[in-house]
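The structure follows.
Coordinate-derived values only; no laboratory data. These numbers come from a predicted model, not from an experiment. Methodologically, a virtual Cβ is constructed for each residue, glycine included, from the backbone with ideal geometry; neighbour enumeration extends over all protein chains shown.
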């Protein structure tokens, strides 16, 4: 990757109109007519030339070497750009803008062929302040009406999508669903709500999605009809996006990620779980079904590490969700498909990058799980996630991924390396919102022995008798939400895994459990059972 690509990626994500690289000054983005520095130290002349020369074609590179003006087009994973550079007296000045014509053709769904670069006549790099309404000529490309009209269409598509994303933040919704033939739909407090807006047609929706996609994701979407990426509206929130195609055309789901990092205090994480962040080595798993808040819980734990330790933390995610600024720690965040090929390759590479703590966004396959366990054994603290609903079930899932001839060995390794499992689920709160019920399993000698001996079915009993150590069963966590008046008993019952024990707990508290007697929550009371059929032959 060229060094300039990093700045261009920031330029695209911040929706800047230009990037300025001027000798003796900080590199700056032009955002809504205002400059915004993106480097901490001023650029030297050789640095400006080196940044441009790395991406310049031979003729432009020769001009730069000779101190002559240079102009050329450049295509990166984030889009198409125009570069203009010249010397103002003894100082280099350069300006990078979006190549609107080439970008327009890349955004057009029907055009999936490469657009050849056209020669650009070098012009002096002006320091004019760009505005959102500045013309194509001001930005350094041919001002043809066709290109301007198409680029404005792309901007309108992005503005339309931004409006919808701002709407879900305003409503407090967790997700935005976009589907052809439907109006925009939000998930508010766990329920789907249609917005009072016009239905979306395939062409409009595809333009909206492609208007914010990085180039890599546009290609992936064209080839596979699926892609994951992140999108940020500065000062508002980040969004985890998945674009797809179904029988009606394009579709997408946007998950809201708060702009600020959530702390363990705000999340109500228990002190015993917080202590897991102070370990020097071991494996800590945060599990739960999709949409249960695993990422938010992990974010709060990494933030605690960032505030309380002086270590190197590497996160491997797909895509990057919460952005962690460096506090006491150094945080290296890598996105699968952008900064690395896969979770397992990034995890292998991480061992050569002097890490103290590694977060693996998802333990997807056997090899990734194996490397994570080995990494935890060799003196690193590893955080990871799985889509399991209980702590004991998490251990079985990890072991069952391996072939039968390896399971005994993995059982021993996991018994030694596993330090804690936090399994959570979200319940609808009375009056709106959602509350997390967290099951907590901590490593103690009794648990270690049960894992080693393959007796994970006895772990819930150990958790029941070890509450004083900070262990919490899912039933106890749900009963606590009912006792505190946050969640209805029927809602908690629907989330319980061991329902018989949960009903017994409700009855001991004098709670009406008629909703659970012989029927699933939300269903009609059962009718008398018919006589059993005669099975004799």
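Between residue 400 and residue 247, what is the spin-label point distance in nm, taking each point 7 Å from the Cα along the Cα→C-beta axis?
3.1 nm
Does the stretch 3-98 come out rounded, prolate or oblate by the C-alpha gyration tensor, with a ≥ b ≥ c the root eigenvalues, rounded set by a/c under 1.5 and, if not, prolate when a/b is larger than b/c and oblate if not?
Numbers: a/c = 1.85, a/b = 1.24, b/c = 1.49.
Oblate is the answer for the stretch 3-98, as a/c is 1.5 or above yet b/c matches or exceeds a/b.
Answer rounded, prolate or oblate for the stretch 291-346, using the Cα gyration tensor with square roots of eigenvalues a ≥ b ≥ c: rounded when a/c is under 1.5, else prolate when a/b is larger than b/c, else oblate.
Values: a/c = 2.41, a/b = 1.31, b/c = 1.84.
Oblate.
Can you say what percent of the DSSP beta bridges in the chain, counting only those with both residues inside, are antiparallel? Round to 5.
Working: 67 of 95 bridges.
Roughly 70 percent of the DSSP beta bridges within the chain come out antiparallel.
A follow-up question, please. Using alpha carbons only, how many degrees (0 to 90, rounded to 10) separate the axis of helix 145-171 from the longest principal axis of the chain?
Helix 145-171 sits at roughly 30 degrees to that axis.
Also: Which of the peptides 221-230, 295-304, 83-92 is most tightly packed, and how do the rest follow, going by the mean number of other Cβ atoms within 10 Å of each residue?
Peptide ranking by packing, descending: 295-304, 83-92, 221-230.
Please give the calculated 222 nm ellipticity per residue for the chain, where each DSSP H segment of at least 4 residues contributes -39500 (n - 2.57) and the sum is spread over every residue; nearest 500 deg cm²/dmol? Intermediate results must be reported in sequence, preceding the final value.
Numbers: 19 runs with 191 residues, N = 537.
About -10500 deg cm²/dmol.
Can you pull the Kirkwood radius for the stretch 324-417, inverse mean 1/r over Cα pairs, to one decimal in Å? Spell out each step's value before the answer.
Details: mean 1/r = 0.0701 Å⁻¹.
Roughly 14.3 Å, rounded to one decimal.
Taking all pairs of distinct Cα atoms, average 1/r, flip it, and tell me the Kirkwood hydrodynamic radius of the chain in Å to one decimal place. Don't jump to the answer; show the numbers that get you there.
Details: mean 1/r = 0.0378 Å⁻¹.
By the Kirkwood definition, the hydrodynamic radius is 26.4 Å.
Right, next: Stick to the Cα atoms of the stretch 364-467, pair each with every other, and give me the Kirkwood hydrodynamic radius in Å at one decimal.
Details: mean 1/r = 0.0681 Å⁻¹.
Computed over Cα pairs of the stretch 364-467, the Kirkwood hydrodynamic radius comes out at 14.7 Å.
For the stretch 3-98, what is the percent of antiparallel DSSP beta bridges, rounded to the nearest 5? Numbers along the way, then the final one.
Numbers: 27 of 28 bridges.
The antiparallel proportion sits near 95 percent.
Compute the distance from the alpha-carbon center of the stretch 279-319 to that of the stretch 475-506, in whole Å.
27 Å
Counting alpha carbon pairs within less than 8 Å and at least 6 residues apart, what relative contact order, in whole percent, applies to the chain? Walk me through the intermediate numbers first.
Details: 980 pairs, mean separation 43.1, N = 537.
Once divided by the residue count of the chain, the mean separation gives 8 percent.
What does the C-alpha gyration tensor say about the overall shape of the stretch 150-258? Classify as rounded when a/c is under 1.5, otherwise prolate if a/b is larger than b/c, or oblate. Mind showing how you got there, number by number?
Details: a/c = 1.41, a/b = 1.25, b/c = 1.13.
Judged from the Cα gyration tensor, the stretch 150-258 comes out rounded (a/c under 1.5).
Return 11, 267 ranked ascending by Cβ neighbour count within 10 Å, so the fewest neighbours appear first.
267, 11
Here is a follow-up. If one computes the Cα centroid of the stretch 377-456 and of the stretch 216-237, what distance in Å separates the two points?
32 Å
Specify the angular offset, from 0 to 90 degrees and rounded to the nearest 10, of the alpha carbon long axis of helix 499-508 from the longest principal axis of the alpha carbons in the chain.
Long axis of 499-508 versus the principal axis of the chain: about 70 degrees.
Right, something else. Which angle between 0 and 90 degrees, to the nearest 10, do you get for helix 294-308 versus the longest principal axis of the chain when only C-alpha atoms count?
The answer is roughly 70 degrees.
Could you calculate the contour length gain from residue 275 to residue 260, that is, 0.36 nm times the residue separation minus the distance between their Cα atoms, to one decimal place in nm? Kindly include the intermediate steps, with their values, before the conclusion.
Numbers: separation 15, 0.36 × 15 = 5.40 nm, distance 2.29 nm.
The residue 275-residue 260 span can extend by a further 3.1 nm.
With r as the distance between the Cβ atoms of residue 351 and residue 169 and R0 = 51 Å, compute the FRET efficiency 1/(1 + (r/R0)^6) and round to 0.05. Write down the numbers at each step before the final one.
Working: r = 39 Å, r/R0 = 0.76.
According to the calculation, E is roughly 0.85.
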